[in-house]
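Visitor: Have a look at this one.
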Amino acid sequence: MPKDFAVLPLPILALAVASFGIGTTEFVIMGLLPEVAQSFGVTIPQAGYLVSGYAMGVVVGAPIVAIATAGLPRKTALLALMAVFLAGNLGCALAPSYALLMTARVLTAFAHGAFFGIGAVVARDLVPRERRTQAVSLMFAGLTLANVLGVPLGTALGQVAGWRSTFWAVVAIGLAAGLAIQLCVPTGLPGTHGRLASEFRALGRWPVLRPMLISTLSSVSFFTVFTYITPFLTGVSGFSPRGVTGVLFSAGLGLTIGNLAGGHLADRSPMATIIGSFLGIVAALLALAAVAHDPVLTVPVMVLWSGLVFALVSPLQIWVVEAATDAPNLASTLNQGAFNLGNAVGAWIGGTALTLGASYRELPLIAAAMSLAGLGLVLTAVSRRRHEVASASVPGA
């Protein structure tokens, strides 16, 4: 790899443009659940399964697409994945039924895991070691900016011009992202070339599986609430449908700041960043349950909560990749599947709780329990590492 690529930001910025498009199509459906539900004559919890369907598409598609793209140069693989992304969003814009919309969402999701998995490895490899987590967080900044701009604007567009117009806008973003990748991402970054079997074997180790499980739990916690954020804000906090757009914009700012701050802090102390984020998430969720009736207090708590959640993304991604030193490509891709498994499970838990009679205001309490489980796994990893260090320092241990 030429040395000048290590200091050239354009390839990572191109990846961020693509992640903006992918993040918009993933998250904007949450702001459009009432419109989609009304369009197809289903309930809001049933419409929420479009979130679960997308997430499960990532989970199932991640290993399949990883195998299919393993031997391709990374730039070629990224462009192929953007083509799948475009086809899926065209299907969403044109879908005549709920079932076909679900099918198109799943097709779109097949590009998600592999794109972020390959993109994270590319971003990591283009910078010096001491900036790796920051580089990954910069790529994921597109995902967080999707929540600042893509989701609020997409929600507003869908409310004014119909939800299908939002997916047409995402198609345009996808075309721009593909062009950015073609122009900016360097060629000459090789694929796996025959090491896929050994990579799969490497993923069976608990030190690799543990951070993937933590990634899953972090997403379960987030999506238990965020999937139903529009009815939460309108039904509990008293916001108008238009007011939800402003809240989502504020939360998106929190996501973006938290993502970048998490990458910066994790390059200095990754475990402290992860532990501190989980502790803050639990506190923020408890506060959200307590103040949800007050729209003035709800907004800053949501901003804080969103920022803390996305402070976890890049350090967890790097943790998985570096735990699987002999399987970085596949581990990175499958960790995106782990995140999205959490998305699906969180949406299902939230929908099931609502169907069984829970109130929207109780969802943050369920989410807090999920974050506590994730924190527990992190603390066991830290304890294990300290024990290993202590044992290594004792002669004859």
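The values are calculated or read from the model by the stated rules, or taken from the named source; none is laboratory data. This is a predicted model, so every value here is computed, not measured. Note that we place each Cβ from the backbone using ideal geometry, even for glycine, and neighbour counts take in every protein chain shown. These accessible areas exclude ligands, DNA and RNA; they are computed on the full protein's heavy atoms, side chains included. Shrake-Rupley method; radii C 1.70, N 1.55, O 1.52, S 1.80 Å.
Visitor: Can you tell me which residue in the stretch 183-210 is nearest to G374 (Cα to Cα), limited to those that are surrounded by fewer than 19 Cβ atoms within 10 Å (Cβ to Cβ) and at pLDDT 80 or above?
Guide: The qualifying residue nearest to G374 (Cα to Cα) is R210.
Matching residues to (1) more than 20 Å from G246 (Cα to Cα); (2) open to solvent by 20 Å² or more (accessible area, probe 1.4 Å); (3) of a type in the set (S, T, N, Q):
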residue: F140; (1), (2), (3): yes, no, no
residue: V148; (1), (2), (3): no, no, no
residue: V160; (1), (2), (3): no, yes, no
residue: I181; (1), (2), (3): yes, no, no
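Residue-by-condition table, conditions (1) touching a helix residue (DSSP H, G or I) at 6+ places or on another chain (Cβ under 6 Å); (2) open to solvent by 10 Å² or more (accessible area, probe 1.4 Å):
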{"residue": "I257", "(1), (2)": "yes, yes"}
{"residue": "A272", "(1), (2)": "no, yes"}
{"residue": "A283", "(1), (2)": "no, yes"}
{"residue": "A292", "(1), (2)": "yes, no"}
{"residue": "M302", "(1), (2)": "yes, no"}
{"residue": "L308", "(1), (2)": "yes, yes"}
{"residue": "L316", "(1), (2)": "yes, no"}
{"residue": "G350", "(1), (2)": "yes, no"}
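Visitor: Let me ask another. Can you tell me how many residues in the stretch 288-342 are among the aliphatic types (A, V, I, L, M), at pLDDT below 90 and assigned to a helix (DSSP H, G or I)?
Guide: Within the stretch 288-342, residues that are among the aliphatic types (A, V, I, L, M), at pLDDT below 90 and assigned to a helix (DSSP H, G or I) number 10.
Visitor: Enumerate the pairs (first residue in the stretch 119-148 and among the acidic types (D, E); second residue anywhere and crowded, with 24+ Cβ neighbours inside 10 Å) with beta-carbon separation below 9 Å, excluding pairs fewer than 6 apart on the same chain, so at least 6 apart or on different chains.
Guide: If the second residue must be crowded, with 24+ Cβ neighbours inside 10 Å, the pairs left are D125/A135.
Visitor: Give the residues of the stretch 19-45 that are open to solvent by 40 Å² or more (accessible area, probe 1.4 Å), free of Cβ contacts under 8 Å to residues at least 60 places away in the same chain and either closer than 18 Å to N340 by Cα or part of a helix (DSSP H, G or I) (or both), sorted by residue number.
Guide: Within the stretch 19-45, Q38 is the sole residue that qualifies.
Visitor: Here's another thing I want to ask about it. Taking helices (runs of 4 or more DSSP H) that fall entirely within the stretch 82-170, which contain at least 2 residues that are within 26 Å of I64 (Cα to Cα)?
Guide: Fully inside the stretch 82-170 and qualifying: 98-125, 132-145.
Visitor: Here is a check on your reading of the model: is F249 surrounded by fewer than 24 Cβ atoms within 10 Å (Cβ to Cβ) and either acidic (D, E) or not in a helix (DSSP H, G or I) (or both)?
Guide: no
Visitor: Next question. List every residue pair whose Cβ atoms lie under 9 Å apart, where the two residues are 6 or more positions apart in sequence or sit on different chains, the first residue falls within the stretch 250-268 and is in the same structural domain as V301 (by the TED database), and the second residue, located anywhere, is acidic (D, E) and not in a loop (DSSP other than H, G, I, E, B).
Guide: That search, which allows pairs on different chains as well, returns D267/E130.
Visitor: Which count do you get for residues in the stretch 93-149 that are within 14 Å of the chain's Cα centre (by Cα) and of a type in the set (K, R)?
Guide: 0
Visitor: Restricting the search to the stretch 269-294, which residues are in contact (Cβ under 8 Å) with a residue 60 or more places away in the chain, under 25 Å from I366 (Cβ atoms) and of a type outside the set (F, W, Y)?
Guide: I274, I275, L279, I281, V282, L285, L286, L288, A289, A292, H293
Visitor: To continue, here is another question. I'd like to know if the stretch 62-69 contains one or more residues that are in contact with a Phe, Trp or Tyr (Cβ under 8 Å, 6 or more places away or on another chain) and either in a helix (DSSP H, G or I) or not assigned by the TED database to the domain that holds S219 (or both).
Guide: Looking for residues that are in contact with a Phe, Trp or Tyr (Cβ under 8 Å, 6 or more places away or on another chain) and either in a helix (DSSP H, G or I) or not assigned by the TED database to the domain that holds S219 (or both), one finds at least one in the stretch 62-69, hence yes.
Visitor: Does the stretch 229-242 contain any residue that is assigned to a helix (DSSP H, G or I), open to solvent by less than 20 Å² (accessible area, probe 1.4 Å), among the hydroxyl-bearing types (S, T, Y) and not assigned by the TED database to the domain that holds A16?
Guide: First pass over the stretch 229-242, keeping only residues assigned to a helix (DSSP H, G or I): 229-235, 241-242.
Cutting the leftovers down to open to solvent by less than 20 Å² (accessible area, probe 1.4 Å) gives us 229-233.
With the extra rule that they be among the hydroxyl-bearing types (S, T, Y), the set shrinks to 230.
Filter once more, so that each one left must be not assigned by the TED database to the domain that holds A16: 230.
Yes, there is a match, as at least one residue in the stretch 229-242 is assigned to a helix (DSSP H, G or I), open to solvent by less than 20 Å² (accessible area, probe 1.4 Å), among the hydroxyl-bearing types (S, T, Y) and not assigned by the TED database to the domain that holds A16.
Visitor: Take I257 and tell me if it is under 26 Å from G31 (Cα atoms) and β-branched (V, I, T). Quick ask: steps written out before the conclusion?
Guide: On the way: under 26 Å from G31 (Cα atoms): yes; β-branched (V, I, T): yes.
Judged against the criteria, I257 is a match.
Visitor: Taking the options A83, A87, A66, A109, name whichever one is open to solvent by 40 Å² or more (accessible area, probe 1.4 Å) and either charged (D, E, K, R) or touching a residue at least 40 places away in the same chain (Cβ under 8 Å) (or both).
Guide: Every option except A83 fails the conditions.
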